[in-house]
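Below: one structure, written as C-alpha cells.
The values are calculated or read from the model by the stated rules, or taken from the named source; none is laboratory data. Quantities reported herein were computed from a predicted structural model and do not represent experimental measurements. Here the Cβ is made from the backbone with ideal geometry for all residues, glycine too, and neighbour counts use every protein chain on show. When the accessible area is computed, the model is the full protein with side chains, heavy atoms only, and any ligands, DNA or RNA have been set aside. Shrake-Rupley method; radii C 1.70, N 1.55, O 1.52, S 1.80 Å.
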Amino acid sequence: MIILEAKQLKKIYGSGPTAVHAIDNVSLTVDRGEFVAVVGTSGSGKSTFLHMLGGLDRPTSGCVTIDDKKIFELKEEELTIFRRRKIGFVFQNFNLVSMLNVYENIVLPIQLDGNKPDKKYIKQIIQMLGLENKLQDLPNQLSGEIISARCI
Ligand SMILES: Nc1ncnc2c1ncn2[C@@H]1O[C@H](COP(=O)(O)OP(=O)(O)OP(=O)(O)O)[C@@H](O)[C@H]1O
Ligand SMILES: [Mg+2]
C-alpha cells in the first residue's frame, strides 16, 4: 500500500541566470512500513527533496500525496495541522526549544495539538532512547550524541 507519492517534483531557487535547479523532476513512491534513505553528494538536493516530502516547503511544480491527500492543495493552516499529526522531521540542527527541558520538548507537539501525552507510550520511547536521567535537562545541557539519540 502506497503511503507517500511524489510526482515530478521540481524546485527552483531564485530566477534568471542565478536560478538553482535544486531538484528536477523527481518522482518516488513509498509503501507503508518501507524504510527509504536518500543519498547523494552535498548540494545534490536531499534536504530540498525532504522539505517538499514533509510539506515544509512548496515545490515549484509537481505534487506530493501522503495518505491519499495532496498536501500542497491544503491551506497553510491545514498543512500545519497535517504536518503536526502525520510527519516527524529531524533537522540537522535539531530545532529543540531551548527553554524547555527534554521531557517538555518530547511532549510539546502532542500538547500543541490539544492532546494529553500517552504517558505509557512516552515512557517506552524515553527508555528506548536511554533518556530516563536527562528528562529535566535543557537541550544545551545535553551532549550531541544524546540529542542524536533522542532523534533517532
Ligand atoms: N533557500 C535556498 N536558496 C537558494 N538556493 C538554495 C536554498 N536551499 C538550497 N539551495 C541550493 O540548492 C541546492 C541543493 O541544496 P540542498 O540543501 O537541498 O542539498 P543537500 O543534498 O541537502 O546538501 P547537504 O548534503 O550539504 O546537506 C544547492 O545548490 C543549494 O545551494
Ligand atoms: Mg542537506
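Quick notes
- Among residues of the range 75-105 being among the aromatic types (Phe, Trp, Tyr) and either under 19 Å from residue 52 (Cβ atoms) or in contact with a helix residue (DSSP H, G or I) (Cβ under 6 Å, 6 or more places away or on another chain) (or both), the one that is modelled with the lowest pLDDT is 94.
- Of all residues in the range 57-90, those satisfying the criterion of being within 13 Å of ligand 2 (Cβ to nearest atom) and open to solvent by less than 70 Å² (accessible area, probe 1.4 Å) are 57, 89.
- Selection from the range 134-152 of residues that are of a type in the set (S, T, N, Q) and either assigned by TED's automatic domain parsing to the domain that holds residue 47 or at pLDDT below 95 (or both): 140, 141, 143, 148
Matching residues to (1) among the basic types (Lys, Arg); (2) over 15 Å from the mean Cα position of the chain (by Cα); (3) within 16 Å of ligand 1 (Cβ to nearest atom):
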site	(1), (2), (3)
21	no, yes, yes
26	no, yes, yes
33	no, yes, no
45	no, yes, yes
48	no, no, yes
53	no, no, yes
57	no, no, yes
60	no, yes, yes
72	no, yes, no
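- Any hit, the range 3-18, residues being out of contact with any Pro (no Cβ under 8 Å at 6 or more places or on another chain), within 16 Å of ligand 2 (Cβ to nearest atom) and not assigned by TED's automatic domain parsing to the domain that holds residue 115: yes
Quick grid of which residues meet (1) touching a Leu at 6+ places or on another chain (Cβ under 8 Å); (2) touching a residue at least 12 places away in the same chain (Cβ under 8 Å):
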{"position": "58", "(1), (2)": "no, yes"}
{"position": "61", "(1), (2)": "yes, yes"}
{"position": "71", "(1), (2)": "yes, yes"}
{"position": "85", "(1), (2)": "no, yes"}
{"position": "88", "(1), (2)": "no, no"}
{"position": "94", "(1), (2)": "no, yes"}
{"position": "100", "(1), (2)": "yes, yes"}
{"position": "104", "(1), (2)": "no, no"}
{"position": "108", "(1), (2)": "yes, no"}
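- Restricting the range 3-24 to residues that are open to solvent by 70 Å² or more (accessible area, probe 1.4 Å) and not in a strand (DSSP E or B) leaves a set whose member that is nearest to residue 54 (Cα to Cα) is 15.
- Residue, nearest to residue 138 (Cα to Cα), within the range 106-119, restricted to residues that are open to solvent by 40 Å² or more (accessible area, probe 1.4 Å) and in contact with a helix residue (DSSP H, G or I) (Cβ under 7 Å, 6 or more places away or on another chain): 109
Listed here are the residues, each with its yes/no results for (1) in contact with a strand residue (DSSP E or B) (Cβ under 8 Å, 6 or more places away or on another chain); (2) touching a residue at least 24 places away in the same chain (Cβ under 8 Å); (3) part of a strand (DSSP E or B).
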position	(1), (2), (3)
30	yes, yes, yes
36	yes, no, no
43	no, no, no
48	yes, yes, no
55	yes, yes, no
